[in-house]
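In what follows, a structure is listed as structure tokens, so that the remarks can point back to it.
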Amino acid sequence: MEQTLSIIKPDAVAKGVVGKILDRFESNGLRVAATKMLQLSRKDAQDFYAVHKERPFFTDLVEFMVSGPVVVSVLEGENAVAKNRDLMGATNPQEAAAGTIRADFAENIDANAVHGSDSLENAEIEIRFFFAQREIS
Ligand code: RTP
Ligand code: MG
């Protein structure tokens, strides 16, 4: 069974749609195997998004990710990585398909409600970044 990492970003936590977003996962065959709320430090956000460190949006992305608490979860299910990306919708909510999390809950490309691992390899790295083995059931 595949696992992936989800982050409910500060905009969605501030809006009070954590439960609605977790319901999207649970209603679509993704089991919540671990979840917790935390405040990222700047170093956490820089390390987590290190692949983007040369991109023009990197500083804004880091500042946004530390602007309030996030909810990180391990989601488990068949094709969990791809399924989560489908449920999330396109990075830019204006391009996200109707009924996706970003179409329904995101403000713009910066404050876009959720993160999801983009490959099985990155899912393993990202899960290890946030969770000890004993926190995952
Ligand atoms: P994420 O990593 O957060 O799940 O999002 P993603 O795979 O759909 O998009 P990615 O290309 O990995 O970009 C990471 C986050 O950076 C912000 N971004 N801003 N202004 C821009 O052109 C731009 N491009 C990306 C978004 O918040 C995106 O989620
Ligand atoms: Mg990404």
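The values are calculated or read from the model by the stated rules, or taken from the named source; none is laboratory data. If you're wondering where the values come from, they're calculated on a predicted model, not measured in any experiment. Here the Cβ positions follow ideal geometry from the backbone for every residue, glycine too, while neighbour counts run over all protein chains shown. Protein only, heavy atoms only, side chains kept; ligands, DNA and RNA dropped before computing areas. Shrake-Rupley method; radii C 1.70, N 1.55, O 1.52, S 1.80 Å.
Note on Asp118 and Phe58: their simple-model spin labels are 1.5 nm apart, each label 7 Å out from Cα toward Cβ. Applying 0.36 nm per residue to the separation of Asp110 and Ala90 and subtracting their alpha-carbon distance, the gain on full extension is 6.0 nm.
Suppose R0 equals 22 Å; then what is the FRET efficiency for Tyr49 and Ala132 from their Cβ-Cβ distance, rounded to the nearest 0.05? Mind dumping the intermediate values first?
Working: r = 22 Å, r/R0 = 0.98.
Given R0 = 22 Å and the Cβ-Cβ separation, E is 0.55.
The relative contact order of region 1-91 comes to 53 percent, based on Cα pairs under 8 Å that sit 6 or more residues apart.
With a 1.4 Å probe and all protein chains left in place, how much of the accessible area of region 36-86 comes from carbon and sulfur atoms, in whole percent?
Values: 1450 of 2860 Å².
The value for region 36-86 is 51 percent carbon and sulfur by accessible area.
How do Thr91, Thr100 stack up against each other in accessible area, from largest to smallest, with a 1.4 angstrom probe? Provide the component values of the computation, followed by the final result.
Numbers: Thr91 70, Thr100 15 Å².
Highest to lowest solvent-accessible surface, that is Thr91, Thr100.
Across region 76-137, C-alpha contacts under 8 Å between residues 6 or more apart give a mean separation that, scaled by the residue count, equals a relative contact order of 27 percent.
Under 5 Å from the amide H of Val114 lie the amide H atoms of Lys9, each residue being 5 or more positions distant or on a separate chain, with H modelled from the backbone and absent for Pro and chain starts.
How large is the charge dipole for the chain, taken about the Cα centre, if only the Cβ atoms of Lys, Arg (+1) and Asp, Glu (-1) carry charge, to the nearest 20 debye?
Working: 15 positive and 21 negative charges, 63 e Å.
Once rounded to the nearest 20, the dipole reads 300 debye.
Restricting attention to the chain, lysine pairs at least eight places apart or on different chains and with alpha-carbon atoms under 25 angstrom apart total 12. When only alpha carbons are used to place a centre, region 86-137 and region 1-78 end up 6 Å from one another.
Volume per residue of the convex hull around the Cα atoms, evaluated for the chain, comes out as 100 Å³. Remark: accessible surface ordering of Asp11, Asp44, Asp60, Asp110 (largest first) is Asp60, Asp110, Asp44, Asp11, probe radius 1.4 Å.
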